[in-house]
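Contents: one structure, followed by commentary.
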Amino acid sequence: MSNEEDSATRPARKRPSLSAMVLIALGLGIIVGLFFGEGVAFLAPIGNAYIALLQMTVLPYIVLSIVYGLGRLRPASARRLAGVGAVTILIVWAIGMSASLLMPLSYPEWESASFFSRAMVEPPQKLDLLELYIPRNIFASLSQAAIPAVVVFCLLLGVALMRVEKKDTLIEALESLSEAVMHLTGMVVKTAPLGIFALAAAAAGTIRLEEFDAIQVYVWGYLAMAAVLSFGILPMLISMVTGIGFKRVFTVTRDALVTGFATGSLLVILPLLSEACMELLAERGVDSQDEVAMVDVVVPTSFNLPSVGMLLTMSFVHFGAWMFDSPLALGQYPVFAGLAVVTAFGGWTIAIPALLDAFRLPAEIFDLYPLVDVITGRFSVVAAALQLVAVTLIVVGALGGLSKLRWPHLLRFGAVSVVLMLGTVIGLRAVLDRTTGQEYVGYLSLVERTPLLEEVAAREAESVPPALSPEQSSFDRLDLIRSRGWLRVGYVENRLPFAFRNEAGVVVGLDAELARGMATDLEVGVEFVRLSAENLVAALDQGSVDIVMSGLVMEPSRARKVRFSNPYMEITAAFLVPDHLRHEFSSRETLLARKQVRIGVYPSVRYERDLASHRLPHAELVPVASARPFVRGEVEVDAVLLSAEEAAAWTLAYPAYAVAVPFPDWKAPVAVVMATEPSDLNGFVDAWVELAKRDGTVERYFSYWVMGEEPPGRHVPRWSIIRDVLGWTGGGDDSAGHPDSGPDGTDPEAPSAE
């Protein structure tokens with residue numbers, strides 16, 4: 001037998017489907033990530049490139065499909081569809097958004113707090129509805145990915161195109177372009193195994209166990225709510241309005257739903273869904289030529305609208321806010337719902353970042369979503385497919401006299417739907433409370449930090465050193481420091497995260513790290529001297545300390561007594577408040593609306609105290625030595641005025657408290673404090689600070705001590721098989737301190753800054 005004949009009779013090998021390859025890539029990525037740990041972090045850019053490629057075709061497809069879908073209709077047909085279609089879509093969107101807003105109720109009560117994030121102090125973006133919806137310059141809207149404005153433009157252009165008589169050539173061109181964009185999307189989707197592998201490996205290798213615990217909370221919540229929508233509420237809506245049997249809907253659409261779930265794509269099953277809708281309508285006597293043609297219009301047009309699966313995906317923003325201890329207030333829900341619907345036109349790759357930005361949530365939350373989308377995305381497709389079936393059957397059925405929208409029935413349906421969703425989230429909450437656990441490590445993540453410049457000799461003076469003698473005062477200060485061998489740096493107590501004692505009793509923090517850097521360049525060690533705000537000036541004037549660094553603000557009242565260096569950073573005023581008061585203190589309007597408010601202020605910081613009196617004239621200002629008495633309940637105030645950087649550090653120690661920033665423009669420079677008497681030390685400090693700002697030293701230390709980011713090669717690697725099981729790349733970590741004792745033997749709930 002010839003080779004040709006042999007090959008002809010041999011059964012053809014089936015190539016694995018794309019969905020199977022994606023699942024294999026996901027599994028391999030997780031295995032590789034767990035095996036190599038952070039050694040595969042270099043794969044993250046490949047995963048990011050895959051996401052960027054997915055985003056590439058979103059806007060072109062929106063423009064082409066909406067204009068083409070509407071432009072091919074006749075005005076009379078469009079008017080017939082518009083009324084019933086609008087009501088149906090609004091009902092479905094209400095269902096999806098209700099599920100999205102209720103889903104956070106399933107999240108368990110976990111203690112959580114986070115390091116400072118610059119998103120905390122970014123001014124909230126004002127929502128300009130005209131700018132959001134009116135495309136003054138469509139090219140600018142396209143370049144800025146302004147989805148609402150782009151959608152409005154496309155809808156208007158599509159409506160206008162309906163009335164154009166000689167449009168066949170244009171419609172054919174738009175159809176061809178739409179197909180080309182879909183082919184391009186298909187080409188990108190073919191790279192999914194590589195992109196998913198890279199994302200999964202990088203995430204599995206770098207994600208911390210506490211983050212994984214949190215992610216599973218969202219996944220279970222999404223799957224439960226998607227199941228209720230897909231197999232309960234949407235089929236119930238179809239049955240109630242059209243009379244089509246609940247079971248019959250799934251019998252006819254089963255092949256399409258399974259295919260959509262397997263491929264993770266709604267686009268590929270549109271023809272199957274159209275055929276299923278035609279079959280269901282024909283069984284009920286809705287089968288005229290016009291009605292069949294309507295199905296071909298409604299299905300692709302509905303495809304361009306946000307689905308309940310996509311609206312449920314928007315709950316990931318609520319999850320991120322919960323995870324970072326910044327839950328949205330009830331009053332923000334209407335704004336969230338409106339923005340979620342309009343941004344959902346662009347898909348999750350555009351909608352989630354836009355919502356995170358709108359509510360001042362850290363952008364890094366978005367990096368977690370591609371991991372869960374591998375699972376939740378398939379259930380989202382099923383929910384979207386059933387929504388498309390529901391809209392098509394109800395709209396076309398209404399035109400054929402089959403569907404009947406009766407308000408009493410709709411109200412009863414709404415009540416039953418809410419009960420189903422509430423029961424789901426409450427039941428899931430009970431399960432998650434019992435099955436998921438959390439060990440709060442925010443406190444340890446702060447007090448277990450060690451200096452980046454560990455090689456610098458450092459010690460702490462037992463008491464304030466004596467004043468310089470007349471003979472010592474006659475020397476140049478830099479010569480005196482070099483002959484002494486120590487740079488004496490004063491620090492004010494209770495100033496997190498600028499200067500405090502870690503669990504090992506070592507003075508650490510942003511300013512302490514900068515002091516170590518100065519000592520390194522002076523080729524001496526650093527001696528930390530604990531001061532109070534009252535003896536700070538005297539210690540400088542007498543030469544007991546050379547400089548003072550504790551995140552001290554430059555202010556006029558101090559400038560008369562001391563000399564400030566060039567500022568090395570800028571802080572934003574904020575309030576440390578109990579969690580339940582977070583939203584009352586987060587905006588100027590809500591804060592001024594409080595009839596009585598008691599605010600704790602540092603007596604030594606006159607600049608901030610005066611600004612508080614000016615901006616909050618009705619507030620009672622109460623002197624407090626630090627935030628510690630407040631968080632321990634030893635002083636009766638509603639909030640303490642601090643910097644956002646300091647307040648965030650205190651929330652790590654006391655997660656029942658939160659940071660509120662009502663005045664993002666309330667900023668102040670921070671500098672090194674020196675004696676007023678001129679010396680060569682002043683010039684050195686000014687030059688050193690300026691250079692440290694320019695070469696990135698200040699930013700590097702700020703990222704580590706204030707934002708909690710680990711520098712490359714510095715942090716303890718995440719657990720991995722190759723490191724912690726096989727021992728091929730080094731031993732385990734024994735640097736962590738004991739969690740049951742705080743610094744200086746204090747209570748473990750709060751780091752010592754004393």
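We did not get these values from a lab; they are worked out from the coordinates using the rules stated. In this text the structure is predicted, and so the values were computed from the model without any measurement. Heads up, the Cβs are rebuilt from the backbone with ideal geometry, glycines too, and the neighbour counts pull from every protein chain shown.
Tabulated values for the structure
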{"item": "Whole-Hz ³J(HN,Hα) from phi, Karplus 6.51 cos²θ - 1.76 cosθ + 1.60, for segment 617-634, glycine and proline x", "result": "x, 8, 7, 9, 8, 10, x, 9, 6, 6, 6, 4, x, 5, 5, 8, x, 8"}
{"item": "Footprinting exposure proxy for Trp486, Trp705, Trp348 (fewest neighbouring C-beta atoms within 10 Å first)", "result": "Trp486, Trp348, Trp705"}
{"item": "Cα gyration tensor shape of segment 135-193, rounded if a/c is under 1.5, else prolate or oblate by comparing a/b with b/c", "result": "oblate"}
{"item": "FRET E, pair Arg560, Glu131, Förster distance 35 Å, beta-carbon r, rounded to 0.05", "result": "0.15"}
{"item": "GluC sites (Glu not before Pro) restricted to segment 615-722 and DSSP loop, no more than 16 other C-beta within 10 Å", "result": "Glu634, Glu636, Glu709"}
{"item": "Estimated FRET transfer efficiency (Met182, Thr436; beta-carbon r; R0 35 Å; 0.05)", "result": "0.30"}
{"item": "Listed residues Gly543, His580, Pro567: farthest to the positive end of the dipole of segment 487-594 (Cβ charges)", "result": "His580"}
{"item": "Whole-angstrom gap from segment 337-404 to segment 611-684, using each part's C-alpha centre", "result": "42 Å"}
{"item": "Descending principal axes extents, segment 324-415, alpha-carbon based, whole Å", "result": "50, 32, 20"}
{"item": "Principal axis dimensions, segment 571-669 - Cα atoms, whole angstrom, descending", "result": "30, 27, 23"}
{"item": "Residues Lys561, Lys190 arranged by fewest to most Cβ contacts within 10 Å", "result": "Lys190, Lys561"}
{"item": "Global geometry of segment 653-704, whether rounded, prolate or oblate, following the gyration tensor of its Cα atoms and the 1.5 cut on a/c", "result": "prolate"}
{"item": "Restraint check, Lys561/Lys667; Lys667/Lys693; Lys167/Lys190, Cα-Cα greater than 25 Å", "result": "Lys167/Lys190"}
{"item": "Cα Rg, Dmax, segment 490-632, angstrom units", "result": "17.3, 56"}
